[in-house]
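Undergrad: The structure is given below, and queries will be raised subsequently.
The values are calculated or read from the model by the stated rules, or taken from the named source; none is laboratory data. Quick caveat: nothing in here was measured; it's all calculated off a predicted structure. As a convention, Cβ positions derive from the backbone with ideal geometry for all residues, glycine included, and neighbour counts pool all protein chains shown.
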Amino acid sequence: MKNKLLTIVLAFFFGGFGIHRFYLGQPKYGWLYLVFCWTLVPFLIGILDAICFILMSRATFNLKYSLRHVFAKKFEDEEALHQASFDKLREEMLMQKIAEMKNKELIQLFLQDAKKDGNYLPRTVYARAKSIIEDNSTKTGDTLD
């Protein structure tokens, strides 16, 4: 996420060289400022840019210059949601697999194999398997009323 205050400082002091445009992810404008810095026009434009950034609201600044960050964050959130739904599906499948096992020895073997192979078992699956092995017939998810 781009910092508005840093952008203002860069535009005011180094605007003639286009440093603020490079910072904002606009390298084409940055190179134009740099190529024409000998004319002193980019210095004036840099000061005008600094004034525009000062007058711009933080929300407008973020919407205009940090939009890529917003999209990246949205993508990360969707990936996390997808991973969570996959984990929930895996947990349900493992719970069903344990429920289908007929004896404690098979469940114990299942836990040992998972540990030996380095497979991660969700906490609820492990707790359910242990409760079956220890003859504790309470199911996970039951309330303690």
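Conditions (1) of a type outside the set (K, R); (2) assigned by TED's automatic domain parsing to the domain that holds R58; (3) under 17 Å from R58 (Cα atoms), marked per residue:
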| site | (1), (2), (3) |
| --- | --- |
| I8 | yes, yes, yes |
| A11 | yes, yes, yes |
| F17 | yes, yes, no |
| R21 | no, yes, no |
| L24 | yes, yes, yes |
| K28 | no, yes, no |
| F36 | yes, yes, no |
| L40 | yes, yes, no |
| I47 | yes, yes, no |
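Residue-wise test of (1) assigned to a loop (DSSP other than H, G, I, E, B); (2) charged (D, E, K, R); (3) modelled with pLDDT under 70.
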| residue | (1), (2), (3) |
| --- | --- |
| E76 | no, yes, yes |
| L81 | no, no, yes |
| M95 | no, no, no |
| A99 | no, no, no |
| K102 | yes, yes, no |
| F110 | no, no, no |
| V125 | no, no, no |
| T138 | yes, no, yes |
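Undergrad: Among the residues of segment 29-44, which ones are within 20 Å of N3 (Cα to Cα) and not aromatic (F, W, Y)?
TA: Step one: list which residues in segment 29-44 are within 20 Å of N3 (Cα to Cα), which gives 29-30.
G30 - this is the single residue of segment 29-44 that is within 20 Å of N3 (Cα to Cα) and not aromatic (F, W, Y).
Undergrad: Whether any residue in segment 32-46 is at pLDDT below 85, among the aromatic types (F, W, Y) and out of contact with any strand residue (DSSP E or B) (no Cβ under 6 Å at 6 or more places or on another chain) is what I want to check.
TA: There is no residue in segment 32-46 that is at pLDDT below 85, among the aromatic types (F, W, Y) and out of contact with any strand residue (DSSP E or B) (no Cβ under 6 Å at 6 or more places or on another chain).
Undergrad: I would also like to ask the following. Just the residues that are surrounded by 15 or more Cβ atoms within 10 Å (Cβ to Cβ) and not small (G, A, S), please, taken from segment 44-61.
TA: I45, I47, D49, F53, M56, F61
Undergrad: Continuing with the same structure: For S66, which of the numbered conditions (1) of a type in the set (S, T, N, Q); (2) under 26 Å from F12 (Cβ atoms); (3) modelled with pLDDT of 85 or more fails to hold?
TA: If we test S66 against (1) of a type in the set (S, T, N, Q); (2) under 26 Å from F12 (Cβ atoms); (3) modelled with pLDDT of 85 or more, just (3) comes out false.
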